[in-house]
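> If you scroll down you'll find the structure; I have some questions about it.
The values are calculated or read from the model by the stated rules, or taken from the named source; none is laboratory data. This structure is a prediction, so every number in the text was calculated from the model and none was measured. For neighbour counting, all protein chains shown are included, and Cβ atoms are generated from backbone atoms with ideal geometry for every residue, glycine included. Each accessible area value is taken on the protein alone, full model and side chains, heavy atoms only, with ligands, DNA and RNA left out. Shrake-Rupley method; radii C 1.70, N 1.55, O 1.52, S 1.80 Å.
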Amino acid sequence: LSFIQEVHKSIQDQGYDPLKWEIRSLPVVSSTNDYVERMFKLGAKQVIVLSKMQENGRGRNKNVWESPSGGMWLSVGLSSKFRIMELSTPVVNVVHRVLSKYVKCSIKPPNDIFIGDRKVSGILVETRMSDNKMSGIVIGIGINVVNDIPEYIEKIATRLSDHIIPPKIENLASEITVEVIKMLDELSFIET
């Protein structure tokens, strides 16, 4: 619940109407992107979902994204008609800008953030199409914060807690959410 309160206040502080957003904080989901899609089917237009765990987190090309407790598993979704636009680059830039406040990191195109030579974050932007326009976008953002890194990827993955005392997950998620909303607004994706 602290995430819901935090992000609600942060959205409002930036001049957006938090009541236009369906905000969820869950203990476990299959994937936050899938949960946003389900919310779209129920009629939601603007959705924010944070989960403590994902059972079937995924990255690009349907790669598995390990999502145990202790990481930030977040999705922001909009359901409406949008012009077609590549969003991975602006989203990874936003996440990089926020994480750079805490730790020295770099972007590995097209959608990953690294600390040194190990991945700390990945972004997955999924779109729905209708009549040659985007009818929905779901932006999934995963960040390893204090979660365990499985042994089979420990040489290529890292977490914030290996490098810094990390911010609380709900604070980091709220900060990133607001920055993503601001970026989407600048690109005229947010309905006012």
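> To the nearest 20 Debye, how big is the dipole of segment 1-86 about its Cα centre, given +1 on the beta carbon of each Lys and Arg and -1 on that of each Asp and Glu?
The calculation lands at about 300 debye.
> Once you have a ≥ b ≥ c as the square roots of the Cα gyration tensor eigenvalues for segment 1-129, tell me rounded if a/c is under 1.5, and otherwise prolate or oblate according to whether a/b is larger than b/c.
Since a/c stays below 1.5, the shape of segment 1-129 is classed as rounded.
> Compute the accessible area per residue over the chain, keeping the other protein chains in place, probe 1.4 Å, unit Å².
Value for the chain: 50 Å² per residue.
> Could you please state how large a percent of the accessible area of segment 1-138 is carbon and sulfur, counting protein chains only and using a 1.4 Å probe?
50 percent
> Please report, in debye to the nearest 20, how large the charge dipole of segment 132-181 is about its Cα centre when each Lys and Arg carries +1 at its beta carbon and each Asp and Glu carries -1 there.
Working: 4 positive and 7 negative charges, 46 e Å.
That gives a dipole near 220 debye.
> Quick one: length gained pulling residue 93 to residue 187 fully straight, 0.36 nm per residue minus the C-alpha distance?
32.4 nm
> Sticking with this structure for a sec: I need the phi-derived Karplus couplings for segment 133-139: 6.51 cos²θ - 1.76 cosθ + 1.60, θ = phi - 60°, integer Hz, Gly and Pro marked x.
10, 6, 9, x, 10, 10, 9
> Of 42, 10, 27, which is farthest on the positive side of the dipole of segment 1-45, counting Cα position, with +1 on Lys and Arg Cβ, -1 on Asp and Glu Cβ, and the Cα centre as origin?
Selected residue: 42.
> Here is a further query. Given contacts defined as C-alpha pairs under 8 Å and at least six residues apart, what's the relative contact order of the chain, whole-number percent? Before the final figure, lay out each step's value.
Working: 363 pairs, mean separation 41.4, N = 192.
Value for the chain: 22 percent.
> With θ taken as phi - 60° and the coefficients 6.51, -1.76 and 1.60, list the Karplus ³J(HN,Hα) couplings across segment 184-190 in order, rounded to whole Hz; mark glycine and proline as x.
5, 5, 4, 8, 6, 9, 8
> Go ahead and collect, in residue order, the members of segment 88-121 whose backbone nitrogen is under 11 Å from a label point 7 Å along the Cα-Cβ direction of residue 127.
Only 88 fall inside the zone, counting backbone N under 11 Å.
> Then there is this: Would you mind checking 108/133; 101/168; 20/108; 108/155; 41/133; 108/168 for any pair whose Cα atoms are more than 22 angstrom apart?
Flagged as over cut-off: 108/133; 20/108; 108/168.
> To continue, here is another question. Give me the angle, in degrees from 0 to 90, between the Cα long axis of helix 32-41 and the longest principal axis of the Cα atoms of the chain, rounded to the nearest 10.
Between helix and principal axis, roughly 10 degrees.
> Per residue of segment 73-79, what does 6.51 cos²θ - 1.76 cosθ + 1.60 with θ = phi - 60° give for ³J(HN,Hα)? Whole Hz please, x for Gly and Pro, Karplus curve as stated.
Result, ordered by residue: 10, 10, 9, 10, x, 10, 10 Hz.
> Using amide H atoms built in the peptide plane, which far-off residues or other-chain residues are under 5 Å from residue 24 H to H?
Residues meeting the criterion, in which the H sits 1.01 Å from N, are 48, 49, 50.
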